[in-house]
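Following: one structure in structure tokens, then a few remarks.
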Amino acid sequence: MTDSSAPPPAPAGPLSGLLVADFSRILAGPYATMLLADLGAEVVKVESPAGDDTRTWMPPVRDEVSTYYLGVNRNKRSVALDLKDAGDLAAARELARRADIMVENFKPGGLRRFGLDYESVSGSNPGIVYASISGFGSGGGASLPGYDLIVQAMSGLMSLTGEPDGPPYRAGISVFDVMTGLHAIIGVLAALHHRAETGRGQHVEVNLLSSALSGMVNHTSAFVAGGVVPMRMGNAHPSLFPYEPLPTADGDLIITAGNDGQFRALCEVLGVPELAGDPRFARTKDRTANREELRPLLVERLKQRPKMEWFHELVAAGVACGPINTVDEGVGFAEELGLDPVVTPGEGDRAVPSVRNPISLSLTPPSYRLPPPALGEHGAEIRAWLAEPTTD
């Protein structure tokens, strides 16, 4: 496909030449396909005539467009297809036939009636890497709705979040949607590697609940390996102390001591080196067991000075710590570090600020070619391309 209004081509990314048929919406799938697009893949976003649900998730907005939608849909071209319309369904099937990768997050089995399930698509396109994202897998949980909040509740994450004597809380982001999107990419790249060796595609399946149980790492391991059911501890860590916010003269500072050396360095900076030699606090397991005795001793010193003074001294001594920033402060801090967190694909009034792809590659870096598309923005172009005969 070509677009005379598109910006000059960026250096070819590592996934350049791959076509992604993106039949996903909301977050997990679109986040995954955006990252693939950043790495050079050509992504065609297939939407219903009503559009991706997140187009209507507002506020906040930028130029009357949901910033939620804008955050996960750059570098894509949009075509609106009604799968109940014969002509549109034929176009969707042709796109799937030509694609290297297809990503979908319909309920398991939901695309079968349209001939767009893995078995149907792979019949005409045996090299397809077909990624299905669901909430609870394609077995007993196939009919369950897969929103991130539901999975946060049912996986056990909410039982870990909040104060010990308070109600459970959701995480501040859709953590399992993002995690599952990343797992989908890992599966897709593994399947592409296998295809390069064998010529055969395969079905990649990921679901939010499995990603959640894997992503809760030490907490799920506590149960499956140790028989311990973790419960919420506020900002405290079950296996480390200090590893939480501690009050200073003007606000909290996150302070961590992941090993005995870091704790000794912390005690030196605070002017209480004797604590590191106290048998109650000398080792990680001792500090964790005696946190209620140790915490007030550390707070007594910390409250004597402002948090940023402590921050600079502790970091210089090799102690990991940091203030609790707001989102704007977090972006600003990344800018101070030279991480250039904001990129702006598009030109003129179509330029849309976006958060940089977190992957850095020395030879084939991510590129930011297109702003998030309007609904069906590239429909005529894509339909014309799909109508052209192919030689394969």
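Taken together, the values in this text are just the output of simple stated rules run on the coordinates, not laboratory data. Source: prediction; values computed, not measured. Glycine also receives a Cβ, built like all others from the backbone with ideal geometry; neighbour counts cover every protein chain displayed.
A few remarks follow.
- Put simply, the stretch 151-254 fits an ellipsoid with semi-axes of 35, 16, 13 Å; these come from the alpha carbon gyration tensor as the roots of five times its eigenvalues, largest first.
- Tilt relative to the chain, helix 175-198 - C-alpha long axis, 0 to 90 degrees, to 10: 50
- For Lys107, a cut-off of 29 angstrom between C-alpha atoms picks up these lysines, skipping any fewer than 8 places away in its own chain: Lys45, Lys76, Lys84.
- Derived scalar couplings ³J(HN,Hα) [the stretch 296-303; Karplus, 6.51 cos²θ - 1.76 cosθ + 1.60; whole Hz; x for Gly, Pro]: x, 5, 6, 5, 4, 7, 4, 6
- Under 5 Å, built H, 5+ apart or other chain: amide partners of Val61: Thr67
- The chain - percent relative contact order, Cα under 8 Å, separation 6 or more: 19
- For a label point 7 Å along the Cα-to-beta-carbon line of Val228, residues of the stretch 141-169 with backbone N under 16 Å: 160
- Calculated log₁₀ intensity ratio I(q)/I(0) where the Debye formula runs over C-alpha points of the stretch 103-170, q = 0.11, 0.13, 0.20, 0.22 Å⁻¹: -0.40, -0.51, -0.82, -0.91
- A dipole drawn for the chain from +1 and -1 charges on Cβ atoms has a positive end, and of Ala131, Gln262, Ala249 the residue lying farthest that way is Ala131.
- Taking the C-alpha atoms of the stretch 243-325, convex hull volume expressed per residue in Å³: 77
- With semi-axes defined as the square roots of five times the eigenvalues of the C-alpha gyration tensor, the equivalent ellipsoid of the stretch 274-381 measures 48, 16, 14 Å, largest first.
- If R0 equals 22 Å, the separation of the Cβ atoms of Thr344 and Ile173 corresponds to a calculated FRET efficiency of about 0.45.
- The label-point distance for Thr56 and Ser143, in a model that sets each label 7 Å from Cα toward Cβ, rounds to 2.6 nm.
- The Cα-based radius of gyration and maximum Cα-Cα distance (Dmax) for the chain are 24.9, 79 Å.
- The long axis of helix 28-38 is offset from the longest Cα principal axis of the chain by roughly 80 degrees.
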